[in-house]
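Undergrad: I'd like to ask you about the structure that follows.
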Amino acid sequence: MILKVARLGHPVLRERSKNVPAGWWNDPASRQLIRDMVDTMREYRGVGLAAPQVHVPLRVAVIEIESNPRYPEAPARPLTVLINPAVISRSAEMEDDWEGCLSIPDLRGRLARAAKIEIEATDENGNVQKIAADGFFARAIQHEIDHLDGKVYLDRMTDFSGLAHLDEYYRYHAPATEGS
Ligand code: NI
């Protein structure tokens, strides 16, 4: 089921979401929520979605980076469910890149994130997994964890000349893609 996405200004996006208790992932309602989050992310062509974005203030997020028309330059990454993600380490090295957010429609912003990140998170089957990520996947993880802490990417921006509407982003800022 496709869920309604909270937009910037809704207080749920500014709350610190709560950890889910052990075993939460076995509850049919929890499994349904995760399925619905995946459906919603795919419907709106996002590369990630955090539970507070669908009005559920729990520390759950999904990420899936496929050949995505909204992010043609991002390398693929299969569906990853992050439950109670915890950061183990972030690189001191930072990387500037563009990101968008389904809760902030029609905008892209350029901002620095740690180039590499290592996290621990529970998956949808209750298995604890360590994930070491770099590039766009590392960026997506940091973006989603920010949502769980009540932050959006605009909070991380230091130079608003790197803020663009989507059309202008594609026209003036997007990396050249094949055939363009
Ligand atoms: Ni977002």
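The values are calculated or read from the model by the stated rules, or taken from the named source; none is laboratory data. Note that the coordinates shown come from a computational prediction; the quantities given were computed from them, not determined experimentally. In this analysis, Cβ positions are derived from the backbone assuming ideal geometry, glycine residues included, and neighbour counts consider all displayed protein chains.
Undergrad: Pairs under 7 Å by beta carbon, first residue touching a residue at least 12 places away in the same chain (Cβ under 8 Å) in segment 143-161, partner of a type in the set (Gly, Ala, Ser) and away from the ligand (no atom under 12 Å from the Cβ), six or more apart or different chains?
TA: Taking only residues 6 or more apart or on different chains, the pairs are LEU148/SER17.
Undergrad: Across segment 109-129, which residue is surrounded by the fewest Cβ atoms within 10 Å (Cβ to Cβ) among those that are touching a Gly at 6+ places or on another chain (Cβ under 9 Å) and part of a strand (DSSP E or B)?
TA: Out of the qualifying residues, it is LYS116.
Undergrad: Out of segment 16-25, which residues are exposed (fewer than 13 other Cβ atoms within 10 Å of the Cβ), more than 18 Å from the chain's Cα centre (by Cα) and under 16 Å from LEU148 (Cβ atoms)?
TA: Matches in segment 16-25: PRO21 only.
Undergrad: Here's another thing I want to ask about it. Could you list, in sequence order, all residues of segment 127-152 that are of a type in the set (A, V, I, L, M, F, W, C) and on the phi > 0 side of the Ramachandran plot?
TA: none
Undergrad: Against the definition (surrounded by 13 or more Cβ atoms within 10 Å (Cβ to Cβ), hydroxyl-bearing (Ser, Thr, Tyr) and not in a strand (DSSP E or B)), how does THR40 come out, yes or no?
TA: Against the criterion (surrounded by 13 or more Cβ atoms within 10 Å (Cβ to Cβ), hydroxyl-bearing (Ser, Thr, Tyr) and not in a strand (DSSP E or B)), THR40 qualifies.
Undergrad: Select, from PRO105, PRO75, the only residue that is surrounded by fewer than 17 Cβ atoms within 10 Å (Cβ to Cβ) and within 13 Å of the ligand (Cβ to nearest atom).
TA: Answer to the selection: PRO105.
Undergrad: Got a sec? Which of ALA174, ALA164, ALA138, ALA132 is surrounded by 15 or more Cβ atoms within 10 Å (Cβ to Cβ), at pLDDT 95 or above and more than 16 Å from the ligand (Cβ to nearest atom)?
TA: Selected residue: ALA164, the only one of ALA174, ALA164, ALA138, ALA132 that is surrounded by 15 or more Cβ atoms within 10 Å (Cβ to Cβ), at pLDDT 95 or above and more than 16 Å from the ligand (Cβ to nearest atom).
Undergrad: Right, GLY100: in contact with a Lys or Arg (Cβ under 6 Å, 6 or more places away or on another chain), in contact (Cβ under 8 Å) with a residue 60 or more places away in the chain, of a type outside the set (A, V, I, L, M, F, W, C) and on the phi < 0 side of the Ramachandran plot or not?
TA: yes
Here's the yes/no breakdown for (1) within 14 Å of the ligand (Cβ to nearest atom); (2) without any contact (Cβ under 8 Å) to a residue 60 or more places away in the chain; (3) more than 16 Å from the chain's Cα centre (by Cα):
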{"site": "ARG7", "(1), (2), (3)": "yes, no, no"}
{"site": "ARG14", "(1), (2), (3)": "yes, no, no"}
{"site": "ASP27", "(1), (2), (3)": "no, yes, yes"}
{"site": "MET37", "(1), (2), (3)": "yes, yes, no"}
{"site": "LEU58", "(1), (2), (3)": "no, yes, no"}
{"site": "GLU66", "(1), (2), (3)": "no, yes, no"}
{"site": "VAL81", "(1), (2), (3)": "no, yes, no"}
{"site": "PRO85", "(1), (2), (3)": "no, no, no"}
{"site": "GLU95", "(1), (2), (3)": "no, yes, yes"}
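Undergrad: When both residues are 6+ apart or on different chains and their Cβ atoms are under 7 Å apart, which pairs have a first residue that lies in segment 41-55 and is at pLDDT 95 or above, and a second that is in a strand (DSSP E or B) and surrounded by fewer than 23 Cβ atoms within 10 Å (Cβ to Cβ)?
TA: Within 7 Å, the pairs are MET41/GLU64; ALA51/LEU58.
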